[in-house]
Amino acid sequence: MTQGVVAEPEVPGKIVADETRRAERTDRIVGHVQRQGALAVLLAVVIIAAAVFPNFRSYANTATILVAAAPPMLIALGMTFVIITGGIDLSVGSQFVLGGVVAAYASRWGLIAALLAPLLICGAIGLLNGVLIAHTRMAPFIVTLAALLGARGLMRALSSEGSTTYLVRSDAFHRLGSGSFLRIGYPVWLVAVLVLIGIVVLSRTRFGHAVYAIGGSEDAASLMGVAVRRTKVWVYVMSGVLAGLAGAINAAKLGSGVTVLGTGMELDAIAAVVIGGTLLTGGAGTIAGTIAGVLLLGVIQNMINQVGNLNSSYQQVISGAFLAVVVVAQTYLGKLRRVT
Amino acid sequence: MALLEVVNVSKVFPGVRALDDVSFTLQPGEVHALVGENGAGKSTLIKVLTGVYQPDGGELRYCDEPVSFATPMDAQRSGISTIYQEVNLVPLMSVAHNLFLGREPRNRFGLLDENRMNREAAEILGPYGVTTDVRRQLGTLALGAQQMVALARAVMIDARVVIMDEPTSSLEPREVETLFGVIRDLHARGIGIIYVSHRLDELYQICDAVTILRDGRLVHTGQLAELERLRLVSLMLGRDASQVRKEGATAFEADQHEGTGGAPVLRATNLRSRHKLHDISFDVKPGEVVGLGGLLGAGRSETIKAVGGAYPLDGGEIEVDGRHLKRHSTVQAVKAGIAIQPEDRKAEGIVAGLSVRENIALAVLPRMARMGLVSDAKIDEIVDVYMKRLRIKASSPHQAVGDLSGGNQQKVLLARLLATQPKVLLLDEPTRGIDVGAKVEVQTLIDELAAEGLGVVLVSSDAEELIEGAHRVVVLRDGVVVGMLTGAEVTTEDLLATIAAAAPEDKDEQ
């Protein structure tokens, strides 16, 4: 046993005040690390990549990374809200694919139809998820797993078991996915606007605070008069709509509704959200963190592509490692914050 | 004009008549005590008043109008606020966000005004003695401070009725004074208060009227001052006043805790731990109950956790039965014969989802296992012994512990500790939050256990319990032993005086 040097309390009141100040400081520092840790890691990785790979730091490559990250970012945006309420949405990957197929199919009726149809259909699936979860108190895991299977089935029915690929028939819709402004694709600008709105909604509205409160303690939130059910329903609707939009954008970019991509996207989204510092148990997290999480995964993928001869599947190994590290760090930081 | 009237209200759950034709009236500015044992129907009544439950019969009248509240939100909007026994805030959100959740101030764009929220939160919390940074996560505050935030939140809505369910159970005496100050202020503003507490001293200090429930029925309602304390207890328990008088306010028998003398079974010397414990020494003889007194944060819980190996130590020695504990860990402590009952029964003690049998068996499994296997019959035997001995009331050993009353949960926890056959029992607030009847039983048990030769360390914020229950009381302040009260002649006043003397800067406040 080590003999610690402990000062004798000369003025007890002062000790208590010091103690409080120390607890406040620890809380502040740990809070910053929890919120901004992913951003710091992202910066470090970007700096390293920029130093090692000359191609990485080109404007074109940056644009490539951002365009590739746009659909996952939308899905992760919705997932951030869902996870902060303490829930999970496994159906977003399927909804993403369904949204893409529906958008391509509906593009024969023009741009508006191509955008609205997937939003409505995926919004409806989200509504179903939300109502089941909020009103029957079924576990989000099971409900959205069912929705995952349902949405996948719907997509396969629509595309004759996945054998029919609908081409995008609307030029306007195709341009939405492939055009660019300042050499950065339209999808990136669209996502940037939605993400900004998301940040404001989450941090500066009553709805956003209700989302945090529900994840922090659902019982307390309900006793404090938060509209728990309504908030939950909305969160799943948002998640569905954003997944559908992500699918539509992807279809617009590729020029067709691809039926094979998108499996496992829900897991990537969850990984990005958690890496971004959102607690999987709910109650804490930020969209800024999620952005960092999504970009981090995107940058790692891009770096592996730069290496060339490396199998791109290693991206998943590295993402997995990041996820493990983040979860361990979060547990530790959470403890540090409490034991002050 | 009555502020809130409950008229012949009934509430039936499958198999239980939780409220049976209960009526009472709350006047504006009245502090109305609502008392009864656990299961008497207090909680159900509160939930009916706050819109959590709908009554099956009778009606609620609020400001002379019949009302019904579909949700807690409805009740809140009408001006009925509730502070629950366990802090019901969101630990991961900041203090200010908790205070304003659901009614955050907004700027002209409809967005939340963070600065105004923080500024106002600090202003609102000042009078409650909470001076910390309001941007801190609520969960990192001490329990008492959290309770104060809950109180501030309940009062800051334009409340006309404030319901307080055991508001003082996690407060230290100084905070109780702050709370009473707030109550007097509310009283002066004509706000009606329903005050639920098991602590009789508090009731007589702060309440005007009283309503007593027993088994879901109203047994008495009227002015508190006219009701003798003994009569109140007997009404509550449904026992004769003479019986209550004979047994005293607590069930401890004063002359039982002298101990058998001889060598101490537990000796703690110069315990030090970071900034919490500075120099703590005490010993416990077999058959002796030693109390640890002091304010919240004085280091009482930390001390017994440290002795039990569950709190890090920077220095000091712990001896059990004359044998020095070499390594500091819970495993070592349990091996040496130290059993600890943590303060937070739900979080650190029982496993609510498991049955009574499984809970008791948890601790003994390692000891009884032969080559990793344990015989069911043996466990049944042990479980049976302790269920009988501690008079645990459960429908069967297989009933989930979470379904038992607080008092019985506590007894299950004690059974689990005793099943390890400890030499020293460390009890942290063993009677907190359990009803009067169960309290009596737990106190009697502590007596019996000491009489059997166990050394007991008792932490309690109930001064009466400490005085009557312990032979010696060691008083702590800021992690240092500041006083020791010995002998049967020690009174509650002596204890409070020692605690007060140990906290010189508090004097001007009193």
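Points worth noting:
- Residues A:Arg22, B:Arg135, sorted so that the one with the fewest Cβ neighbours within 10 Å comes first: A:Arg22, B:Arg135
- Rg/Rg_globular for segment B:16-103, with Rg_globular taken as 2.2 N^0.38 Å and Rg from C-alpha atoms: 1.22
- Seen against the Cα atoms of chain A and their longest principal axis, helix A:265-275 is set at about 20 degrees.
- DSSP bridge orientation in segment B:4-246 - percent antiparallel, rounded to nearest 5: 60 percent
- Chain B: relative contact order in percent, alpha carbon pairs under 8 Å with at least 6 residues between: 15 percent
- Take the Kirkwood radius over Cα pairs of segment B:351-419, plug it into Stokes-Einstein at 37 °C and 0.692 mPa s, and you get 278 µm²/s for translational diffusion.
- Chain B: angle of helix B:356-368 to the longest principal axis, Cα-based, in degrees nearest 10: 20 degrees
- In segment B:4-246, Cα pairs under 8 Å separated by at least six residues give a relative contact order of 28 percent.
- Among A:Ser222, A:Ser58, sorting on how many other beta-carbon atoms sit within 10 Å of each Cβ, with the fewest leading, yields A:Ser58, A:Ser222.
- On Cα atoms only, tilt of B:406-419 relative to the major axis of chain B in degrees: 10 degrees
- Sorting the segments B:212-218, A:293-299 by their residues' average number of neighbouring beta-carbon atoms within 10 angstrom, most packed first, yields A:293-299, B:212-218.
- Å³ per residue enclosed by the Cα convex hull of the protein assembly as shown: 210 Å³
- Averaged over the residues of B:130-143, the number of partner chain Cβ atoms lying within 10 Å of the residue Cβ comes to 4.
- Relative contact order, whole percent, for segment A:33-338 stands at 34, derived from Cα pairs under 8 Å and 6 or more residues apart.
- Both numbers refer to the Cα atoms of chain A; Rg and Dmax are 22.2, 81 Å.
- Per-peptide packing, taken as the mean over residues of other Cβ atoms within 10 Å, places A:279-290, A:243-254, B:378-389 in the sequence A:243-254, A:279-290, B:378-389 from highest down.
- Sorted peptide list for A:211-220, B:174-183, criterion being average Cβ within 10 angstrom, highest first: A:211-220, B:174-183
- Inter-chain Cβ neighbour average for residues A:203-210, partner chain, 10 Å: 5
- Choice from A:Leu194, A:Leu182, A:Leu98 with maximal GNM fluctuation in chain A (Cα, 10 Å cutoff): A:Leu182
- Residue among A:His174, A:His32, A:His209 with the largest mean-square fluctuation in a Gaussian network model of chain A, springs linking Cα atoms under 10 Å: A:His32
- Counted over the protein assembly as shown, the DSSP beta bridges are approximately 55% antiparallel.
- Contour minus Cα-Cα distance for A:Ala192 and A:Phe53 (0.36 nm per residue): 47.4 nm
- Size of electric dipole in the protein assembly as shown: Cβ of Lys, Arg +1 and of Asp, Glu -1, about Cα centre, debye, nearest 20: 3980 debye
- 222 nm mean residue ellipticity, helices alone, for chain A (DSSP H n ≥ 4; -39,500 (n - 2.57); rounded to 500): -25500 deg cm²/dmol
- Peptide B:103-111 has a mean shielding of 3, counted as Cβ atoms of other protein chains within 10 Å of each residue's Cβ.
- DSSP-defined beta bridges in chain B - what % are antiparallel, rounded to 5: 55 percent
- Here the Gaussian network model covers chain A, with springs between Cα atoms less than 10 Å apart; of A:Val191, A:Val52, A:Val241, A:Val52 fluctuates the most.
- Positive minus negative residues near B:Leu213 (Lys, Arg vs Asp, Glu; Cβ under 10 Å): 0
Every number here is computed from the coordinates shown, using simple stated rules; none is lab data. Remember, it's a predicted structure, so these values are computed and weren't measured experimentally. All Cβ positions, even for glycine, are placed from backbone atoms using ideal geometry, and neighbour counts span all protein chains on display.
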